[in-house]
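Here's the structure, in structure tokens; my notes come after.
The values are calculated or read from the model by the stated rules, or taken from the named source; none is laboratory data. In this text, all values refer to a predicted model and were calculated from it rather than measured experimentally. Quick reminder, even Gly has a Cβ in these numbers, built from the backbone with ideal geometry, and neighbours come from all protein chains shown.
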Amino acid sequence: MSQQKSLDVICLGRAAVDLYGEQIGSPLEDMSSFAKYLGGSSGNIAFGTARLGLKSAMLTRVGNEHMGTFVREELARAGVNTSQITTDAERLTGLVILGIKDQETFPLIFYRKDCADMAISSDDIDADFIASSQSLLITGTHFSTPETYAASTTAIKYAKAAGTKVIVDIDYRPVLWGLTALGDGETRFISSEGVSKHLQSILPDCDLIVGTEEEVHIAGGTTDTIAALNKIRSLTDASIVLKLGPLGCTVLDGAIPASMDDIVPFTGVRVDVLNVLGAGDAFLSGFLRGWLQGADHQTSAGYANACGALVVSRHGCAPAIPSAEELDYYIANSDNIPRPDLDEELNYLHRVTTRPPKEWHEICGLAFDHRKQFFDMATAAGADPKRIKPLKKLIAKAAEQGAKEAGLSGNIGVLIDDTYGQDALNDITGKGWWIGRPVEQPSSRPIELEGGRSIGDRLKSWPREHVVKCLVFYHPDDSLEMLLAQERQIKELYQACCASGHEMLLELIPPQQSEVDDNTLPRALSRIYNLGVRPDWWKLPGMSPNSWQQVTDIISERAPHCRGVVMLGLDAPAAQLQASFDNSADFDICKGFTVGRTIFSEPSRQWLSNSIDDQQFIDAVAKNYIELIGFWRNRKANK
């Protein structure tokens, strides 16, 4: 295919929001909670192909509301070109409510009457944009109304003129063609001569046609699969990808075999099925990864079958689609992975290779998640502890002021608790800052978590962008009893973060009076990794260059997707922190610092005793913050 095209695939069609019931085995009417995901077949394929490394784009409409914003942002986060998503001021974004009753029963309801993506018109189609892509993919629903049919055929006309391949995913949903009751989204096939003839008008312009046997039946106008394939072949020379469920798929070029017995499938991977919804979109995403890059059919089908197998073992559609690294690992090891949903390495790769793509090359963090220390300061100053909450809002303002004056350019970080800092958290969330939030009971050893043992329930109420931070006073030479107690809690917290999707920062501080040498922290990290715990972030005290080298080597070997290490302060004087920063200068694994008391302690005491006003406090904290930022940024020159 042409290498002059800037895009690999443009996906035209449904882009919606899926609300998946979380109670497996429950009837849809009895669901008590739902998880929100990107949905819509075209949206899923745009998302999936981008996740697999292709340059994809979405061509659709969304509503001028929060769910439309979600669809647009979720696609963009995956790397999808969203420049051709139009905001429709008169219609809402489509919505689907789904459930998982058992391996054969997946009730779903489409809320799509007059929805935004079905209002796409020929005026939304830009010929130059279509020409910029190797391929144009359209799903069957967008041939189902006169308006969407006109828009789709306009896009096909532009594609044919520009040498852009045309792909049709039949994606037959009888309810979306008006053939069932509105609430019957689960029915997959109803014969319709009208639908068959309508789809057949599109087939001559196709280069690739994809469908299940039932979808081939509707396109071919008969429930005899071979006869349906022959009908399709009489209308088009396109390659036909026939999905065969657990058997895999076959790709048909040229003449159709005389019988199904003569079809040789590219076999799939057998897995335990949790959820077949969205598996077809993942399948096609995988197939296109190969087909659009010139791979042979066996390779493309291998990608497709593996993608489908992974998604049927998981909850959700789009978020369950693998990354390229994850897919390649699974294909290489699938014989030894009978349960993808339970495989530790595969789940780790899915977690770390599909998280938000922003790379934090530098974090200059102001840590004010302290609770006991602020209470003690208020008590010493004779101040009402209720003043701690507005004080923390002022620190957040100081962080923003200092970051602006220092020119951090978005690399601002904060650690804030929800005991006294919930108002500050609410103010900052959504601004694109790096936000860490503690869960440990202050000063506890062995570590205990705030709110008791139900940490998973607690994380459900946290915004996904908040990083779960846990401070553990930990030494690898602790007693066995202490180590086991601490490590049990660390493992439970890590598992809760994996389930909730939050990133985890593990802060390790050797207990006071313990013996510490260059090997202490490297040994501690190795022991944590041996537990199967791979934090997204580490927060560590300043170390010698020898320790930094050991830590770098351990993380590179054991968890190469680790985001990095940030340094803590422990209320050290600024000059001492400067020396610690300098020691880290040669080690890229160190991304910055999250320091608190060195910055805010003295100004906080003055404010709590009414010696300075709000703005003087903000200015003083910002000044101290800027000084540390300068130390950090000058560390290489200092060294």
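Here are some notes:
- Applying the condition of being buried (at least 22 other Cβ atoms within 10 Å of the Cβ) and hydrophobic (A, V, I, L, M, F, W, C) to region 312-345 and asking which residue is farthest from Trp433 (Cα to Cα) yields Val312.
- Test result for Leu577, under 24 Å from Arg437 (Cβ atoms), aliphatic (A, V, I, L, M), part of a helix (DSSP H, G or I) and in contact (Cβ under 8 Å) with a residue 40 or more places away in the chain: yes
- Only one of Asp582, Asp586 that is at pLDDT below 95 and crowded, with 16+ Cβ neighbours inside 10 Å: Asp582
- Unique match (being touching a Pro at 6+ places or on another chain (Cβ under 9 Å) and either modelled with pLDDT of 95 or more or farther than 26 Å from Pro204 by Cβ (or both)) among Gly245, Gly268, Gly278: Gly268
- Whether a residue is of a type in the set (Asp, Glu), surrounded by fewer than 15 Cβ atoms within 10 Å (Cβ to Cβ) and farther than 26 Å from Arg188 by Cβ was assessed, and Glu90 passes this test.
- For His361, the conditions (1) assigned to a loop (DSSP other than H, G, I, E, B); (2) surrounded by 16 or more Cβ atoms within 10 Å (Cβ to Cβ); (3) over 14 Å from the mean Cα position of the chain (by Cα) all hold with the exception of (2).
- Candidates Gly63, Gly53: the one that is in contact with a Leu (Cβ under 9 Å, 6 or more places away or on another chain) and surrounded by 15 or more Cβ atoms within 10 Å (Cβ to Cβ) is Gly63.
- Residue tally, condition assigned to a loop (DSSP other than H, G, I, E, B) and under 14 Å from Asp571 (Cα atoms), over region 368-385: 2
- Cβ-Cβ contacts under 7 Å between residues 6 or more apart (or on different chains), taken from a first residue in region 496-507 that is free of Cβ contacts under 8 Å to residues at least 60 places away in the same chain and outside any loop (DSSP other than H, G, I, E, B) to a second residue that is of a type outside the set (Phe, Trp, Tyr) and surrounded by fewer than 17 Cβ atoms within 10 Å (Cβ to Cβ), are listed as Ala496/Gly456; Ala499/Gly456; Ser500/Gly456; Ser500/Lys460.
- For Leu242, the conditions (1) outside any helix (DSSP H, G or I); (2) of a type outside the set (Val, Ile, Thr); (3) surrounded by fewer than 19 Cβ atoms within 10 Å (Cβ to Cβ) are fulfilled apart from (3).
- Restricting region 1-50 to residues that are hydroxyl-bearing (Ser, Thr, Tyr) and surrounded by fewer than 19 Cβ atoms within 10 Å (Cβ to Cβ) leaves a set whose member that is modelled with the lowest pLDDT is Ser2.
- Residues being surrounded by fewer than 19 Cβ atoms within 10 Å (Cβ to Cβ) and free of Cβ contacts under 8 Å to residues at least 60 places away in the same chain - total across region 511-549: 19
- Hits in region 227-239 (condition: of a type in the set (S, T, N, Q) and assigned to a helix (DSSP H, G or I)): Asn230, Ser234
- Note on region 598-639: among residues that are touching a strand residue (DSSP E or B) at 6+ places or on another chain (Cβ under 7 Å) and hydrophobic (A, V, I, L, M, F, W, C), the one that is nearest to Cys364 (Cα to Cα) is Ile629.
- Among the residues of region 263-302, just one is among the acidic types (Asp, Glu) and either buried (at least 23 other Cβ atoms within 10 Å of the Cβ) or not assigned by TED's automatic domain parsing to the domain that holds Ala46 (or both), namely Asp281.
- Within region 456-480, considering residues that are assigned to a strand (DSSP E or B) and in contact with a Pro (Cβ under 6 Å, 6 or more places away or on another chain), the one farthest from Arg371 (Cα to Cα): Phe473
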